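> One structure follows; several queries about it will come next.
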Amino acid sequence: MAEEEIVELYELHYSDLKLLSSGSGSGSSSTQELERLETIKKNIMEALGPKGPGLLSICGLTNASILRPNLLPLARKLALLNPDHRKRIFKEHNLGSDVSLKNPDRNVSSFAMQLRYEQGLESTQSNVSSRVGGLTDSDQDHVDVDKTRQLPDYEYKNLGNTFKELGFCMMELGVCLARICDRAIGGQELEQSLLESRTAKGRLIHYHSTLDNITLKEAGRKRGFSKKLDNHRRDREHCMKSEQVQTEHANMDTNCHEVGFRGIHSNLWQQWHYDYGVFTVLTDPLFFLSSYLPENKQEEQYALSCDQECPSPSGHTYLQIFDPNKNRVRMVKSSPESFIIQVGESADILSKGKLRATLHCVRRPAKFKNLSRETFVMFLQPAWNKTFSISDYPLDNCNLAGQCSGVPDAENHLVEQDSKLTEEIHKIIPPLSLRLKDGMTFAEFSLETTKQYYGGGGLQSNK
């Protein structure tokens with residue numbers, strides 16, 4: 001197998017992002033400063049353009065060191081929580097899920113909320129994050145902290161507020177970047193398309209370890225056993241019928257789970273796909289190692305004994321991208337506490353190909369079955385009634401045709417493994433030309449895209 005190729009993202013400091021997006025650096029700045037800003041803008045467009053990876057990272061956000069480690073560990077806790085308890089948390093913090101949480105074999109658990117841009121502007125202007133992450137000093141003067149932490153749901157106390165605060169911060173990053181790209185391209189298409197949508201979707205995502213799935217299965221078995229006892233006391237006949245139906249459904253679920261990608265795609269937490277919005281903003285992920293101990297060796301019951309945060313085993317994010325310029329798969333590496341922004345297909349279309357959508361997946365580490373991955377993502381997209389025009393979209397764009405000729409690597413040949421993977425990826429990704437027609441609204445485009453991904457064998461079923 002070929003040695004893994006790493007792409008280290010172009011890193012943009014938050015202060016430069018704000019400076020470039022505001023335009024304030026073009027007035028009284030020195031010639032040297034103007035040249036520096038012009039170089040940064042050029043680097044941004046190269047990173048996000050047809051010859052770049054289609055993504056970059058942003059560093060230097062002071063709130064990230066507080067918000068990210070407070071929010072991301074809750075993804076795993078929510079994923080493994082008792083369903084009734086989780087529903088109560090959802091209701092209290094206005095959360096939902098856009099994936100089924102009933103299948104114990106699922107690769108991903110996702111917890112979602114829609115955030116409004118106008119609320120984000122108010123939040124970032126007022127700096128209301130001072131209380132995020134725990135009690136203030138004055139609170140601790142009046143409250144026994146140890147007793148407070150023993151209260152039910154204490155660890156989820158700031159879940160909703162932290163979700164919103166980090167989400168608003170990431171939305172601001174996307175809007176600022178859109179403004180910079182608009183100025184480089186000409187016009188205001190990208191920024192206006194975001195603001196006209198009024199909302200963005202945030203998703204707190206837990207990528208399951210193998211041991212997480214063992215826990216879910218065991219918990220489901222225990223709940224099922226308890227329910228059967230209750231049913232037996234009320235009505236034995238009804239219990240027998242119910243058990244038969246449950247068995248049939250379990251068989252159906254197993255069959256559904258087995259239909260999908262195998263072989264070259266079987267080691268993925270999330271299958272290959274394009275995001276179809278404008279920008280996707282992601283936190284650098286957290287990783288947790290979990291260990292389980294048997295409660296009863298004869299019955300082979302398992303219980304979570306401990307979990308601890310750990311660095312990435314390989315030093316990268318396990319986010320993989322496909323580089324059409326080299327016909328190579330590359331692993332993304334970013335600095336801790338940075339934010340990754342990747343280009344979606346709507347930005348590709350609205351920029352007339354000057355920005356390139358990122359074909360990507362999330363790989364599961366084969367040798368670390370007890371490793372889970374946590375991240376928080378904001379999906380920034382146009383308004384549903386935004387109309388797309390492809391009359392002047394470049395016909396030779398790789399995404400439009402769904403394939404690229406590629407170029408030889410440094411040794412003047414394509415690695416056999418990468419070549420095979422390239423062929424497989426192109427087989428399962430429906431080209432843009434089959435999903436987008438001139439005059440389509442974003443709603444129609446997203447519906448057709450989702451239909452073709454799912455209809456093509458469940459490409460995004462792990463999302």
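> Tally Lys and Arg at +1 and Asp and Glu at -1 over the other residues with C-beta under 9 Å from the C-beta of Ser290: what net charge comes out?
-1
> Please compare each pair in Lys157/Lys386; Lys352/Lys451; Lys77/Lys427; Lys41/Lys333; Lys18/Lys326; Lys352/Lys420 to a cut-off of 26 Å on the Cα-Cα distance and tell me which ones are over it.
Table pairs above 26 Å Cα-Cα are Lys157/Lys386; Lys77/Lys427; Lys18/Lys326; Lys352/Lys420.
> Mind jotting down the distance between the C-alpha centroids of region 354-382 and region 70-97, whole Å?
Using only Cα atoms, the two centres lie 21 Å from each other.
> Still on this model: Rounded to the nearest 10 Å², what accessible area does Ser389 show when all protein chains are kept and the probe is 1.4 Å?
Result for Ser389: roughly 50 Å² accessible.
> Classify region 2-75 as rounded, prolate or oblate from the Cα gyration tensor: take a ≥ b ≥ c as the square roots of its eigenvalues, call it rounded if a/c is under 1.5, otherwise prolate when a/b beats b/c and oblate if not.
The shape class here is oblate.
> Could you sort the peptides 60-66, 372-378, 206-212, 322-328 by per-residue average Cβ neighbour count (10 Å cutoff), highest mean leading?
372-378, 206-212, 322-328, 60-66
> OK, next. Order these peptides, 432-440, 31-39, by their mean beta-carbon neighbour count within 10 angstrom, highest first.
Highest-to-lowest ranking by the protection proxy: 432-440, 31-39.
The values are calculated or read from the model by the stated rules, or taken from the named source; none is laboratory data. In this text, all values refer to a predicted model and were calculated from it rather than measured experimentally. Neighbour counts are summed over all protein chains in view; Cβ atoms, including those assigned to glycine, are modelled from backbone coordinates with ideal geometry. Ligands, DNA and RNA are stripped out before the accessible areas are found, and what is left, the full protein with its side chains, is counted by its heavy atoms. Shrake-Rupley method; radii C 1.70, N 1.55, O 1.52, S 1.80 Å.
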